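Undergrad: Sharing a structure here in structure tokens format.
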Amino acid sequence: MKLIFVSGGVISGLGKGITASSIGRLLESRGIRVSAIKIDPYLNIDAGTMNPYEHGEVYVLDDGGEVDLDLGNYERFMDLHLTRDHNITTGKVYRSVIENERRGEYLGKTVQIIPHVTDEIKRRITTVARESGADVVIVELGGTVGDMESMPFLESARQLGRDLGREENVLFVHTTLIPIMGSVGEEKTKPTQHSVRELMSMGIRPDIIVGRCSEPLSPTARSKIAMFCDVPEDAVISTPDARSIYEVPLNLERQEVADYIIDRMRLRPLTSRRDMSFWEGFVDRIVNPDREVEIALVGKYTALADSYLSHLEAFTHAGAARRCRVRIRFADSDDVLTDPAGTLSGVHGVIVPGGFGTRGTEGMVAAARYARENGIPFLGVCLGFQIATIEICRDVLGLEDATSTEFDPDTPDPVICIMGEQKGITDMGATMRLGAQTVSISEGSMALELYGEDSVSERHRHRYEVNPEYIDRLESVGWHFTGRSECGTRMEIGELEGHPFFMASQFHPEFRSRPGRPSPLHQGLVDAALRHSE
Ligand code: GLN
């Protein structure tokens with residue numbers, strides 16, 4: 001078993017997740033099987049209950065795991081399908097330890113952080129690593145070295161180094177910040193030195209230092225870091241600001257990180273060729289676009305772009321396919337409510353993404369109406385699908401008070417409601433419908449054209465859905481449900497007749513979008529936006 005730990009120092013938000021993902025991508029391109037684990041040192045069991053404003057979007061996996069958005073980066077960069085066990089949180093670890101204690105499994109011993117909590121952490125990491133069948137597993141340690149919460153995880157990582165063999169089976173990558181100060185623009189390595197010292201005080205000597213800096217590191221800074229942190233100079237890697245996150249693997253490749261790792265860990269690449277040509281082409285189409293469209297994203301978390309990360313990535317993938325830059329205008333739904341024409345003026349498309357709760361939903365309805373009435377391409381996802389359905393119900397069917405029971409439990413027209421006995425698989429036992437489900441797509445539909453298959457698997461995260469009692473009436477006015485669950489009872493895709501592009505899905509196509517394989521619905525919106533702009 002071979003593990004690469006990626007830690008972070010100095011400050012958070014250094015792009016550790018992108019560094020980890022990029023290393024994985026490079027190893028993968030040499031035919032090495034990789035997998036990835038994210039450790040989140042918070043006490044939540046999972047990200048399902050976390051506010052997107054604080055932590056960015058909740059990413060959903062095939063198995064219904066509601067996880068940290070970094071798992072989305074791993075899936076996109078390394079083309080993986082991960083499971084919930086690949087996100088280890090303090091909450092999950094402590095829960096197992098306490099449950100074991102209650103079952104008497106510790107045989108009367110005093111239960112302590114070392115060894116009981118650390119053993120549970122090691123057990124989780126090694127189990128996932130073994131079950132993944134990967135040659136090497138990248139383990140990203142969330143948080144910053146020095147945080148109280150991260151201590152048990154760093155200690156476990158140190159022990160795994162001892163257990164598995166520090167020589168070739170466990171490698172530590174430490175990412176830090178190199179600020180540039182003063183009028184001469186000197187790179188400051190002191191914070192890095194301190195952070196590495198802190199790591200060493202916990203018994204971990206890093207093998208590779210990744211220096212995040214606005215500029216490429218100068219040879220002086222590089223050798224200074226190498227000397228103070230006691231690593232070879234070619235193990236000091238520079239990650240300057242990139243035009244796109246997808247450029248980072250190419251940048252790391254130029255510094256031969258993967259070769260260093262392969263050599264140091266005695267990995268056996270299937271090929272000496274590094275096949276990055278697909279990736280190079282993909283990045284070239286992102287950074288050198290020859291056209292541009294602007295799409296308004298109407299939501300209530302628009303002040304934090306990370307709340308919609310997978311949508312932004314899906315647009316990047318779809319845009320790259322057309323060498324088109326997709327500019328996103330974040331539109332607060334309250335602003336759209338007061339002035340739809342002003343807030344949405346000049347956009348070539350509108351997306352209403354997922355969300356929970358009542359706040360902002362009337363503005364989303366206004367956005368859907370504006371797009372529908374003005375022939376502007378529209379995509380609704382999850383909540384956006386429900387919003388589009390409500391809008392059509394109100395304005396086309398004339399059921400003025402139609403809404404979701406999520407917003408008004410006493411509405412006379414509950415066109416969106418909680419259906420029957422949906423059983424979800426959340427840890428909380430709530431009835432959220434989560435994870436991958438099959439969607440059947442009808443003959444002759446736009447959805448079939450976009451997907452090219454009549455049965456697809458997409459990820460879900462919702463509680464409410466279209467009330468079957470309204471289906472016939474909605475279809476009679478042209479809102480066709482061209483995607484349905486396999487049993488036919490759940491509405492999954494809607495498309496509006498007589499509009500250039502007005503589509504919505506109950507599932508989240510953004511979570512399956514990959515470089516080179518964009519979400520078909522995002523592609524549909526981008527293509528329609530391109531036609532609209534012409
Ligand atoms: N709030 C809606 C529901 O629970 C939509 C959920 C979502 O957009 N993820 O069904």
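Taken together, the values in this text are just the output of simple stated rules run on the coordinates, not laboratory data. This one's a predicted model, so the numbers in the text were calculated from it and none came from an experiment. For neighbour counting, all protein chains shown are included, and Cβ atoms are generated from backbone atoms with ideal geometry for every residue, glycine included.
Undergrad: Hey, what angle do you get for helix 361-373 against the long axis of the chain, alpha-carbon based, 0 to 90 degrees rounded to 10?
TA: Computed tilt is about 60 degrees.
Undergrad: Give, in nm to one decimal, the length gained when the segment between ILE113 and ASP234 is fully stretched (0.36 nm per residue of separation minus the Cα-Cα distance).
TA: On the way: separation 121, 0.36 × 121 = 43.56 nm, distance 3.67 nm.
Result: 39.9 nm gained on full extension.
Undergrad: To check you understand DSSP bridge types, tell me what percent of the beta bridges within the chain (both residues inside) are antiparallel, rounded to 5. Numbers along the way, then the final one.
TA: On the way: 28 of 78 bridges.
Here the share of antiparallel DSSP bridges comes out near 35 percent.
Undergrad: Further question on the same structure: Can you tell me the 0 to 90 degree angle between the C-alpha axis of helix 219-229 and the longest principal axis of the chain, rounded to 10?
TA: 70
Undergrad: Still on this structure, I have one more. Can you compute the modelled spin-label distance between ARG243 and PHE330, with each label point 7 Å from Cα toward Cβ, in nm?
TA: 2.4
Undergrad: A follow-up question, please. May I ask you to give the average projected area over all directions of the convex hull of the Cα atoms of the range 326-372, in nm² rounded to one decimal? Could you put the intermediate results ahead of the total?
TA: Values: hull surface 13.0 nm².
Spelled out: convex hull of the Cα atoms, projected over all directions, averaged, 3.2 nm².
Undergrad: How much mean residue ellipticity at 222 nm does the chain get from its helices, if each DSSP H run of length 4 or more adds -39500 (n - 2.57) and you divide by all residues, to the nearest 500 deg cm²/dmol?
TA: -10500 deg cm²/dmol
Undergrad: What order do you get for 496-503, 59-66 when each peptide is scored by the mean count of other beta carbon atoms within 10 Å, highest first?
TA: Details: 496-503: 18.1, 59-66: 22.6.
In descending order of packing, they fall as 59-66, 496-503.
Undergrad: For the range 136-285, restrict the atom set to alpha-carbon positions and state the Rg and Dmax in Å.
TA: Radius of gyration, then largest Cα-Cα span, for the range 136-285: 16.3, 48 Å.
Undergrad: Give LYS38/LYS122; LYS2/LYS190; LYS16/LYS92; LYS2/LYS38; LYS2/LYS188 a once-over and call out the pairs whose C-alpha atoms are over 25 Å from each other.
TA: Working: LYS38/LYS122 13 Å; LYS2/LYS190 31 Å; LYS16/LYS92 22 Å; LYS2/LYS38 16 Å; LYS2/LYS188 33 Å.
Over 25 Å apart, Cα to Cα: LYS2/LYS190; LYS2/LYS188.
Undergrad: Using the C-alpha gyration tensor of the chain, what are the square roots of 5 times its eigenvalues, in whole angstrom, with the largest one first?
TA: They are 43, 28, 20 Å, listed largest first.
Undergrad: Which ³J(HN,Hα) values, rounded to whole Hz and listed in residue order, are derived for the range 126-133 from phi using the Karplus coefficients 6.51, -1.76 and 1.60 in 6.51 cos²θ - 1.76 cosθ + 1.60 with θ = phi - 60°, glycine and proline given as x?
TA: Per residue, the Karplus-derived 3J(HN,Hα) values read 6, 5, 4, 4, 5, 5, 6, x Hz.
Undergrad: Highest first, please rank the peptides 286-292, 413-419, 361-367 by the mean number of other Cβ atoms sitting within 10 Å of their residues.
TA: The most tightly packed comes first, giving 361-367, 413-419, 286-292.
Undergrad: Counting alpha carbon pairs within less than 8 Å and at least 6 residues apart, what relative contact order, in whole percent, applies to the chain? Walk me through the numbers before you get to the answer.
TA: Values: 1110 pairs, mean separation 78.8, N = 534.
That works out to 15 percent.
Undergrad: Taking H placed 1.01 Å from N in the peptide plane, check which residues at least 5 places from GLY8 or on another chain put their amide H under 5 Å from its amide H.
TA: The answer is VAL145, THR175.
Undergrad: Let me ask something else. Between 0 and 90 degrees, rounded to the nearest ten: what's the tilt of helix 151-164 against the longest Cα principal axis of the chain?
TA: 60
Undergrad: Rounded if a/c is under 1.5, else prolate if a/b beats b/c, else oblate: with a ≥ b ≥ c from the C-alpha gyration tensor eigenvalues square-rooted, which is the range 391-524?
TA: oblate
Undergrad: Right, another one. Could you check the simple spin-label distance between ASN44 and ARG473, using points 7 Å along Cα→Cβ, in nm with one decimal?
TA: Going from the ASN44 label point to the ARG473 one covers 3.8 nm.
Undergrad: So if R0 is 35 Å, what FRET efficiency would MET202 and HIS81 give, r being the distance between their Cβ atoms, rounded to the nearest 0.05?
TA: With a Förster radius of 35 Å, E is 0.55.
Undergrad: Quote to one decimal, in nm, the extra length available between GLU280 and ASN51 on full extension: 0.36 nm per residue of separation minus the C-alpha distance between them. Don't skip to the answer; put the middle values down first.
TA: Working: separation 229, 0.36 × 229 = 82.44 nm, distance 3.55 nm.
Between GLU280 and ASN51, full extension yields 78.9 nm more.
Undergrad: If I take all pairs of Cα atoms in the range 102-202, what percentage of them are more than 21 Å from each other? Numbers along the way, then the final one.
TA: Numbers: 2459 of 5050 pairs.
Here the tail beyond 21 Å accounts for 49 percent of pairs.
Undergrad: Residues with beta-carbon under 11 Å from that of SER156, excluding SER156: net charge, scoring Lys, Arg +1 and Asp, Glu -1?
TA: So the environment of SER156 carries a net charge of +1.
Undergrad: While we're on this one: Quick one: check the C-alpha center-to-center distance for the range 65-93 versus the range 199-255, whole angstrom.
TA: Between the Cα centre of the range 65-93 and that of the range 199-255, the gap is 25 Å.
Undergrad: Quick query: amide H of ASN44 versus all other amide H atoms, modeled in the peptide plane; which residues come in under 5 Å with a sequence gap of 5 or more or a different chain?
TA: GLY91
Undergrad: How long, wide and thick is the range 1-146, going by the Cα atoms along their three principal axes, in whole angstroms, largest first?
TA: 49, 37, 34
Undergrad: Right, another one. Quick one: Debye curve from the alpha-carbon atoms of the range 218-293 only, equal weights, vacuum; give me log10 I(q)/I(0) at q = 0.12, 0.17, 0.19, 0.20 Å⁻¹ to two decimals.
TA: -0.47, -0.82, -0.93, -0.98
Undergrad: Could you give me the ³J(HN,Hα) list for the range 465-482, computed from phi with Karplus coefficients 6.51, -1.76, 1.60 and θ = phi - 60°, whole Hz, x at Gly and Pro?
TA: So the J values, rounded to whole Hz, are 7, 5, 6, x, 5, 9, 4, 4, 5, 5, 5, 5, 9, x, 8, 8, 8, 8.
Undergrad: If you don't mind, another one. For a Förster distance of 45 Å, can you work out the FRET efficiency between the beta-carbons of GLU443 and ASP290, rounded to the nearest 0.05?
TA: Calculated value: 0.80.
Undergrad: Each residue of the range 402-419 in order: what ³J(HN,Hα) in whole Hz does its phi give by Karplus 6.51 cos²θ - 1.76 cosθ + 1.60, θ = phi - 60°, with x for Gly and Pro?
TA: In residue order, the calculated couplings are 4, 6, 9, 5, 5, 9, 8, x, 9, 4, x, 10, x, 5, 10, 8, 8, 9 Hz.
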